[in-house]
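Worksheet for the structure shown next.
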Amino acid sequence: MAASPHTLSSRLLTGWGGGCIWYLERRVTRESPRRFLHLLRNVNQQWVTFQHFNFLRHMYVTQLNRSLKQQIKPKPEPAESPFLEKTSLDEAKAEICEMRPLVPPSLSLSRKPSEKALIELEPTSVIEGSIDLGKETKEEKQWKEMKLRVDDLPGILARLSKIKLTALVVSTTSAGFALAPAPFDWSCFLLTFVGTGLASCAANSINQFFEVPFDSNMNRTKNRPLVRGQIRAGCEFLWWSRPESSNRSPLLAVSFATCCAVPGVALLTWGVNPLTGALGLFNIFLYTCCYTPLKRVSIANTWVGAVVGAIPPVMGWTAATGSLDAGACLLGGILYSWQFPHFNALSWGLREDYSRGGYCMMSVTHPALCRRVALRHCLALLAMCVAAPALDVTTWTFPVIALPINLYISYLGFRFYRDADRKSSRKLFFCSLWHLPLLLLLMLTCKRRAGEEGTGAPQS
């Protein structure tokens with residue numbers, strides 16, 4: 001009868017060898033019994049099978065030869081942030097080495113510090129050096145006062161005076177002067193031009209002075225000179241004062257406004273006529289003392305601001321004629337109505353900005369009224385263009401040739417009223433930018449000349 005393989009393999013190792021193998025197996029199974037329950041032994045626990053050899057080989061590889069274990073891959077160092085200050089590695093190492101104490105003061109020069117002492121001192125010096133580097137980086141990131149250079153002063157003053165808005169004011173004043181039924185006097189025109197520009201610069205500077213804490217919350221106005229503090233140290237360029245006293249407050253805005261308002265009103269009053277000077281002074285007061293604080297109180301600020309924008313062409317008319325008649329009122333009415341589609345469309349896209357700044361605007365608090373008012377005044381422009389020849393300001397050709405552009409802005413006003421989205425508001429706003437100069441140019445080309453039949457114009 002043939003013997004089974006299990007019996008033959010079990011008889012291979014007996015005696016002393018089998019006893020050693022049994023001892024090793026018994027020691028391991030005591031340490032982790034659950035892992036090795038599958039091992040089979042004979043009843044007398046003296047015979048060894050091939051399972052025992054496999055177990056011993058596995059234990060030899062995993063327990064005795066630990067060098068064969070899988071090593072953990074080191075974690076890569078994090079990339080340096082682009083927002084931190086770029087310090088070169090050599091400079092950082094040099095500073096750390098300078099901070100690293102090589103020899104403790106308690107040890108003599110002849111005696112070398114022990115290796116253990118150097119190991120203890122080295123991490124401490126490295127930490128101190130990294131802390132110093134962090135402090136320097138934090139100091140460099142802190143806000144610093146902007147230094148004003150003389151070369152930057154003209155550009156800063158131009159932004160302080162809102163040079164684009166001032167240019168619009170001066171252009172409408174010039175249009176009113178040219179449309180007036182009076183001989184064109186170049187000296188009077190230049191005085192009116194300069195005086196109105198200075199008055200506008202003064203009003204805009206005072207407006208920015210009052211609105212600094214609110215402009216800092218708006219994306220549209222956060223880069224203005226007073227908000228950024230660009231002219232806090234600039235008074236010494238206009239006044240021979242000490243720099244340390246001029247840094248305390250933005251006095252340059254007030255000084256610049258005073259230097260513009262006084263000669264501007266003086267030129268309009270004594271160089272042109274008292275009526276024009278009074279209108280200029282009244283407009284400064286209306287813009288700075290009524291419109292500016294009203295922006296945070298009521299939506300009526302839009303109507304007050306429209307009156308402010310309607311006065312410059314009236315000033316041009318009164319500068320040429322010396323009187324306030326129906327033609328001046330018509331020009332003021334055209335500018336008054338034009339500002340509602342212009343500003344309401346602009347403010348519609350800046351509702352979040354105005355709300356963040358705390359301004360009370362129709363587009364924020366009364367959006368339906370904002371669109372309705374814009375459409376209403378677009379249609380009012382059609383009626384006032386028809387009234388121009390009736391008041392002997394232009395010929396009857398003007399309302400005919402101005403009809404297409406008036407119909408187009410009225411159509412965009414209707415689209416803005418119906419759609420109430422940013423796309424329609426942007427189209428209406430950009431249309432208003434070219435509509436006004438083109439309308440004034442058409443009025444100038446169709447102006448009724450003095451001496452024509454049925455003029456009815458006052459004599460200068």
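Residues whose amide H comes within less than 5 Å of that of Thr394, counting only those at least five positions distant or on another chain, are Arg448 (H built at 1.01 Å from N in the peptide plane). Using a cutoff of 8 angstrom between alpha carbon atoms and counting only pairs six or more residues apart, the relative contact order for the stretch 151-219 works out to 47 percent.
Near the amide H of Tyr359, within less than 5 Å, lie no amide hydrogens of residues on another chain or at least 5 residues away, with H placed in the peptide plane.
Rolling a 1.4 Å probe over the heavy atoms of the protein chains gives the stretch 268-398 an accessible area of 35 Å² per residue.
Per-residue counts of other Cβ atoms within 10 Å, averaged by peptide: what ranking do you get for 286-293, 395-402, highest first? Don't skip to the end; give the middle numbers.
On the way: 286-293: 17.8, 395-402: 16.2.
Result, highest mean Cβ count within 10 Å first: 286-293, 395-402.
Quick one: pull the percent of accessible area on the stretch 254-336 belonging to carbon and sulfur, 1.4 Å probe, ligands and nucleic acids left out. Carbon-and-sulfur percentage of accessible area, whole number: 78.
Probe radius 1.4 Å, ligands and nucleic acids ignored: give me the carbon and sulfur share of the accessible area of the stretch 356-413 as a rounded percent. The partial results should precede the final answer.
Working: 1740 of 2400 Å².
The C+S portion of the solvent-accessible surface of the stretch 356-413 is 72 percent.
Phi-derived couplings, Karplus 6.51 cos²θ - 1.76 cosθ + 1.60 at θ = phi - 60°, listed residue by residue for the stretch 356-365: 5, x, x, 8, 8, 10, 4, 5, 8, 8 Hz, with x used for Gly and Pro. Taking the Cα centre of the stretch 335-460 as reference, the dipole from Cβ charges on Lys and Arg (+1) and Asp and Glu (-1) amounts to some 460 debye.
The values are calculated or read from the model by the stated rules, or taken from the named source; none is laboratory data. For clarity, every value in this text was computed on a predicted model and none was experimentally measured. Virtual Cβ from ideal backbone geometry, glycine too; neighbours counted across all protein chains shown. What goes into the accessible areas is simple: the full protein's heavy atoms, side chains included, and nothing from ligands, DNA or RNA. Shrake-Rupley method; radii C 1.70, N 1.55, O 1.52, S 1.80 Å.
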